[in-house]
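Some notes on the structure that comes next.
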C-alpha cells in the first residue's frame, strides 16, 4: 500500500515535470521565433506615434532609436525613467519628444507624448494610454476630437505659464465638456513637460546623450 | 463512456451547452471586450484556438496523466498554449493585441476551457475532443460577436470598426455607419450595457428553447405543462 502510493507519487511528479518542461520549451521556442517581429512591431508603433508629434522629416536616424531615459517624478509624473526621443537633422537635435504621465486623470494615469522643438514650441501632443470614460474623457484621443491639437504651436509664454490651465481654472485652454478633470490632468502634464524642457534644455538638445 | 457523434458535439457546443449562454463561463472577457464586433471576434478566435489545442493535447495525454495531477497538467497545457498564442498575436496582429491587452493572457483563467478539458477531452479520443473544442469555441465566439454587434451598433452606430486589425488592410473600408450621424449611446458601450445585452441574449435563447419544447410536446400529444414536472 505504502509502496504503491510512493510509486504513484513518483509517476505523478514525473508526468507533471515532463509536462512543465515540454510547455516551457514550447514557450521558449515561440519566444525565440517571435521576439524579432515583436520588437519590430513595438518600434514601428513608437515611430508611428512619434511622427504625429514631430515636425515633418527626414531625420538623420529614426527618432525611435536610442531615446534618453529621464527620471523626473515631479516633472514627468512617473517614478520610473521615461524615454525622451530626439529628432536629429544634420547632426542637430531639432526637437525632442517627452513621454509624460498625468497621474491625476479621472480613470487613473494618462500617458502621453509631447513633442517640443528647440525654441520650446510644442510640435504636437498625443495620448498613448488612458482609462478615461468612453464617450467623455476619451475625447483626448486625436481620433475622437481635435481637443489635443490645441496645444500645437503653443509654448511657455504663449500663453504665459500661469495660464497653462483649463478655462475653468482661469487658464487659456478649453476643457472637454463633461471631462474637466481629464482635461486639467493633460494640460498640467504638458505644462510640466515644458517647464522641464526649459530647465534642462542644454542637456536634452545635445546629440550624444 | 460512449463518445457522442459529431452532430451531437456540434449542437452541444453551439447551442445546448453554449459556454457563454448556458454554462455562463468566461463571462469576464465576454463582458469586457464585447464593445465592438472586431474586438469580440479577435478574442473569440484566440479562445477557440486555445480550446482546440488544449482539448486535443489533453485528450492525447489522457492515458498518461495520473488522476491526482490532472488539473495541474491541464492548467499547464492551457497556459502554454495561451502564452504561445499571445506571442504569435503580438508578433503578427500587434494592434489587435494592443486592444485586447490583458484579456489574452486571461484566457488561461476562462473556466470554459478547463471545463472542456475535464468534462470532455480527458474522456474521449482526440478527434471528437478537437471537434468539441472547435464547437465550444465557435459557440463562445458567436455569443461574443452577437453581443459585440449589438453593443457597437447601439453604442457607436457602426459595425466592423477597426476590421483591418484582424483581416488586413483590404478590410480598412469595412466599417459601416449603420446609423449615420448617430452620437452613440454611452450605456451600450460601458460595462452595464454588456450585462444588459447578455441578459437579453440569455432571455432570447431561453425563449427559443421554450418554444421548441412546447412544439415538441404538442406534436407528441403531451400536455404543454408537462415540462414543469420533468
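Tabulated values for the structure
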quantity: Most mobile listed residue (A:140, A:110, A:11) in chain A, GNM with C-alpha springs under 10 Å; calculated: A:11
quantity: GNM flexibility winner over chain A from A:132, A:141, A:33 (Cα, springs under 10 Å); calculated: A:33
quantity: Separation between Cα centres of the stretch A:159-199 and the stretch A:40-94, rounded to whole Å; calculated: 22 Å
quantity: Angle in degrees between helix A:180-199 and the longest Cα principal axis of chain A, rounded to the nearest 10; calculated: 80 degrees
quantity: Label point distance in nm, residue B:177-residue B:208, each placed 7 Å from Cα along Cα→Cβ; calculated: 3.2 nm
quantity: Whole-number percent relative contact order across chain B, with pairs defined as alpha carbons under 8 Å at least 6 apart; calculated: 30 percent
quantity: Potential extension, residue A:79-residue A:52 segment - 0.36 nm per residue separation minus Cα distance; calculated: 7.1 nm
quantity: The stretch A:68-205, Cα convex hull volume normalised per residue, Å³; calculated: 97 Å³
quantity: Chain A: relative contact order in percent, alpha carbon pairs under 8 Å with at least 6 residues between; calculated: 16 percent
quantity: Candidates B:130, B:117, B:91: whichever shows maximal mean-square fluctuation once chain B is modelled as a Gaussian network with Cα springs under 10 Å; calculated: B:91
quantity: Förster radius 35 Å - calculated FRET efficiency between residue A:45 and residue B:216 (Cβ-Cβ, nearest 0.05); calculated: 0.05
quantity: Residue list for the stretch B:53-90, given a label point 7 angstrom along the Cα-to-Cβ vector of residue A:32 and an amide N cut-off under 11 Å; calculated: none
quantity: Anisotropy class of the stretch B:6-219 from Cα gyration tensor, a/c 1.5 cut; calculated: oblate
quantity: Helix A:2-53 axis, angle to chain A major axis (alpha carbon atoms, nearest 10°); calculated: 20 degrees
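Here, each number is a calculation from the coordinates, and none is a lab measurement. Quick caveat, the model's predicted, so the values are computed rather than measured. Note: ideal-geometry Cβ built from the backbone for every residue, glycine included; neighbour counts use all protein chains shown.
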